[in-house]
Amino acid sequence: MKNLIPTLLILATAAVATAAPETLRDPQDLVALAKAQPSGTSMTIPPGIYRVCDLPESGLQFRNWKDAEIEADGVTIILKPGQTISFAGCTNIRLRGLAVDFDPVPWSQGTIAAIDPVEKSVSVKLDDGYPELENLPQRDSMLYFVFDPAKLAPRHLLWEGFRSFDPIGKRLYRLAGPTANGFFGELDSPLGPRPGDKIALFNRGGPAIQITDSANCRMEEVSVFAAPGYAFYESGGEGGHHYLRCRIVRKPESDRILVTAADGLHSYLVRKGPLIEGCEFGDTADDTIAIHGFFSLITGSTRPGTIQLVAPFGPDFEVGDTLRFLEMPHGREIGSSKVTLIRPAKPEEAATPLESLLKDWAKEGFRMRRIPQPKFWTLELEQPVDVPPGRLVLASSPSRCGNGAVVRDTVVRRSHKRGILIKADNVRIEGNTLEDIAGPSILIEPELFWLEGPLPRNISICNNTIARSSWRSLNRSGAVLGLGGAIEIRTRFSRRQFPPQQDPYPLMKDFVIAGNTIHESASYGLVLGNVKGAKVHGNSFGEVFARPGAAESRGLEKAFDAKEHSLEVAKDFAAPPATILVFGSEDVVLSGNIFTPKPPGFTAQPIAVGPWCQDVGGADLQEAPRKTAFNPLPLRVRYPRSSPASVLWGE
């Protein structure tokens with residue numbers, strides 16, 4: 001053991017081990033520990049509270065640790081916004097038993113005192129002990145969520161914010177300028193906000209625990225009670241991290257209504273995805289679990305077999321990878337080829353400057369995320385790919401996207417966006433419980449706007465229990481967070497982000513969806529789109545379209561590109577509602593699924609097979625007592641085919 005490790009952090013004596021967890025400890029001991037860089041060491045941190053928030057440091061930085069174990073039973077580390085616990089360049093690290101909290105908490109909360117629908121403003125009285133709004137991170141808007149005060153359950157409102165706030169009394173604020181109409185559009189709804197409701201107000205900051213450029217780090221029984229951004233954040237490196245019995249939960253015996261101001265666990269650009277097992281995650285302001293890589297933007301080609309591209313956050317491709325090239329909108333695949341050489345490039349080497357391309361694409365109606373520090377690369381390919389000049393083309397690489405991730409036996413509750421969001425290959429999602437998720441409980445969705453990919457393959461979604469999904473994915477403007485499926489699988493390559501528009505191509509491959517139990521979904525039970533090769537077997541579906549008015553407010557007639565599709569056929573696609581919706585897919589087998597008898601007045605049908613489908617069959621379709629012809633969508637542009645499709649339902 002290295003001499004730099006403080007002596008009180010060496011395996012604790014019996015007296016120290018039995019010290020009260022509320023005992024205040026010197027946080028400088030942890031700062032010294034983090035700087036020690038031991039190898040092959042096991043150590044125990046004495047229980048107690050370590051107020052790292054009282055120090056000027058940016059948190060605890062563990063760099064280049066290898067083969068070390070840290071026991072932290074009864075240890076609470078309190079950070080302040082701007083601090084994080086960071087593991088960088090580490091290998092084979094095990095951390096067990098730690099709890100992480102923040103002082104001050106990185107959000108505020110209070111009670112809605114008044115609502116003015118004419119001025120579109122809300123008056124909020126802040127609770128004691130929570131930051132005043134001037135002390136929160138300032139962005140273009142102040143984000144919020146509204147809660148039923150009796151159950152502290154979220155009201156059914158979409159993600160949005162207010163553009164301004166003004167103090168009008170002691171800890172009393174008026175918020176105005178809503179960024180969308182979800183709040184005021186739902187005032188007369190029984191699901192909408194009202195005076196007396198609780199409200200959380202926040203903006204995003206940094207993560208609580210961060211793992212970068214590392215391999216095989218194990219977080220065991222680690223709890224996060226608050227985070228300015230993500231609770232757990234991993235990026236780069238070999239990955240393969242393990243989260244065992246970890247928790248993202250409201251602090252026990254507190255009145256808090258939120259835990260994170262962003263995702264719960266966010267993983268990107270790691271070679272091997274995380275194993276998340278036996279965890280309890282909830283009350284996250286965005287997706288609870290998100291695992292993905294990125295698409296690269298093709299900027300041009302100077303000669304056959306050579307392309308130039310921009311990787312949003314560094315290269316996610318390697319020599320020997322086979323890249324797939326997708327033309328926007330809708331992701332028509334224009335070719336694929338193996339990479340034979342990679343070299344960094346300068347912006348001036350691009351055939352067309354990125355800024356010029358972005359402006360041209362914006363004129364065509366494409367919306368994409370900002371790329372803060374674009375990285376330019378030149379790639380040589382085994383086979384030339386014809387990239388149309390000036391067209392928006394993405395490159396999809398399977399190398400660094402969290403391949404092989406597993407989410408198992410985990411509970412996810414009260415996510416304010418999506419429960420489990422996956423854009424990776426060879427992923428297993430099994431035996432989990434997901435409840436009260438704002439959008440889809442499980443979403444597989446590569447997308448243009450965030451440039452997040454790649455195109456998933458070999459995905460297993462089995463034996464999960466899902467209740468009350470997508471109740472906040474819909475409002476009176478239509479299906480805003482997608483189509484509202486409890487499980488939703490689809491690409492999102494249209495010009496528009498909200499509401500999304502449908503794509504026709506089966507770009508994802510090899511899915512198994514089996515043994516899941518789904519009930520009280522606000523919209524569909526399962527949306528299966530843009531997949532080639534899927535087995536949907538032995539799932540049990542309870543009530544779907546459970547949110548009042550959901551069948552009428554799906555907005556599917558808005559979910560088509562007016563430049564590509566006819567409005568008449570889009571309206572056909574929108575009806576009738578169904579438990580399972582299939583579109584843009586091939587080689588799909590549906591069998592042994594159980595559909596609970598519909599209650600009086602319930603109109604959803606078991607299965608709807610929509611446009612762009614081929615070879616969709618199975619016993620569930622053969623047993624349908626009635627079959628009605630469904631006209632295929634007439635397409636006005638380059639799609640290779642428009643195949644016959646049908647809608648099938650029972651009486």
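Would you mind putting 40-52, 444-456, 236-248 in packing order, based on average other-beta-carbon counts within 10 Å, highest first? Can you show the working numbers first?
Working: 40-52: 19.0, 444-456: 24.2, 236-248: 21.5.
Taking the mean over residues of other Cβ atoms within 10 Å, the ranking is 444-456, 236-248, 40-52.
Taking amide H positions as placed 1.01 Å from N in the peptide plane, with prolines and chain starts having none, which residues 5 or more places from GLY314, or on another chain, fall under 5 Å of its amide H?
Excluding prolines and chain starts, which carry no amide H, the hits are LYS375.
Residues with amide H under 5 Å of PHE102's amide H, sequence separation 5 or more or different chain, H placed in the peptide plane at 1.01 Å from N; which?
Placed amide hydrogens put LEU79, ALA226 under 5 Å from PHE102.
Suppose a student asked you for the relative contact order of the stretch 213-327, using Cα pairs under 8 Å spaced at least 6 residues apart; what percent would you report?
22
In whole Hz, what ³J(HN,Hα) sequence does the stretch 224-235 give by Karplus (6.51, -1.76, 1.60; θ = phi - 60°), x for Gly and Pro?
For the stretch 224-235, the Karplus-derived couplings read 10, 9, 6, 7, x, x, 6, 6, 10, 9, 10, 7 Hz, x marking Gly and Pro.
With a ≥ b ≥ c taken as the square roots of the eigenvalues of the C-alpha gyration tensor of the stretch 34-92, please select rounded if a/c is under 1.5 and otherwise prolate if a/b is larger than b/c or oblate if it is not?
Oblate, since a/c reaches 1.5 and b/c is not below a/b.
Say R0 is 41 Å: what FRET efficiency, to the nearest 0.05, do ASN92 and THR517 get from their beta-carbon distance?
Result of the calculation: an efficiency of 0.60.
I want the local charge near THR433. Using Cβ-Cβ distances under 14 Å, sum +1 for each Lys or Arg and -1 for each Asp or Glu among the other residues.
Local charge sum for THR433: -3.
Using only the heavy atoms of the protein chains and a 1.4 Å probe, how would LEU528, LEU152 rank by accessible area, largest first?
So the residues, ranked largest to smallest area, are LEU152, LEU528.
Note down, for the stretch 392-437, the three equivalent ellipsoid semi-axes (square root of 5 times each alpha carbon gyration tensor eigenvalue), biggest first, whole angstrom.
On the way: eigenvalues 129, 45, 7 Å².
Three semi-axes, in Å: 25, 15, 6.
Mind listing the long-range amide H neighbours of LYS532? Cut-off is under 5 Å, sequence gap 5 or more, other chains count too, H placed in the peptide plane at 1.01 Å from N.
Residues meeting the criterion, in which the H sits 1.01 Å from N, are MET508, LYS509, ASP510, GLU586.
Ordered by packing density, taken as the mean number of other Cβ atoms within 10 Å over each peptide's residues, highest first, how do 164-177, 135-148, 535-548 rank? Can you show the working numbers first?
Numbers: 164-177: 15.1, 135-148: 17.6, 535-548: 20.1.
Descending packing order for the listed peptides: 535-548, 135-148, 164-177.
Output ³J(HN,Hα) for the stretch 94-109: one whole-Hz value per residue in order, computed from phi by the Karplus curve 6.51 cos²θ - 1.76 cosθ + 1.60 with θ = phi - 60°, and x for Gly and Pro.
10, 10, 10, x, 6, 10, 10, 9, 10, 9, x, 4, x, 8, 10, 8
Step through the residues of the stretch 526-533 one at a time and calculate ³J(HN,Hα) from phi using the Karplus curve (6.51 cos²θ - 1.76 cosθ + 1.60, θ = phi - 60°), rounding each to whole Hz and writing x for Gly and Pro.
Computed from phi, the couplings for the stretch 526-533 are 9, 10, 10, x, 6, 10, 10, x Hz.
If you count, for each residue, the other Cβ atoms within 10 Å and average over each peptide, how do 207-215, 318-326 line up from highest to lowest?
On the way: 207-215: 23.1, 318-326: 18.1.
Final packing ranking: 207-215, 318-326.
Given axes a ≥ b ≥ c from the Cα gyration tensor, I'd like to know whether the stretch 260-401 is rounded (a/c under 1.5), prolate (a/b larger than b/c) or oblate. Don't jump to the answer; show the numbers that get you there.
On the way: a/c = 2.21, a/b = 1.60, b/c = 1.38.
Here the stretch 260-401 falls in the prolate category.
Give me the dipole magnitude in Debye, nearest 20, for the stretch 236-383 about the Cα centre, with unit charges on the beta carbon: positive for Lys and Arg, negative for Asp and Glu. Don't jump to the answer; show the numbers that get you there.
Details: 19 positive and 21 negative charges, 32 e Å.
Dipole about the Cα centre, nearest 20: 160 debye.
Efficiency by 1/(1 + (r/R0)^6): what FRET value for ARG369 and ILE342, r their Cβ-Cβ distance, R0 = 22 Å, to the nearest 0.05?
Calculated transfer efficiency: 0.40.
The values are calculated or read from the model by the stated rules, or taken from the named source; none is laboratory data. Remember, it's a predicted structure, so these values are computed and weren't measured experimentally. In this analysis, Cβ positions are derived from the backbone assuming ideal geometry, glycine residues included, and neighbour counts consider all displayed protein chains. SASA here: full protein model, heavy atoms, side chains in, ligands and nucleic acids out. Shrake-Rupley method; radii C 1.70, N 1.55, O 1.52, S 1.80 Å.
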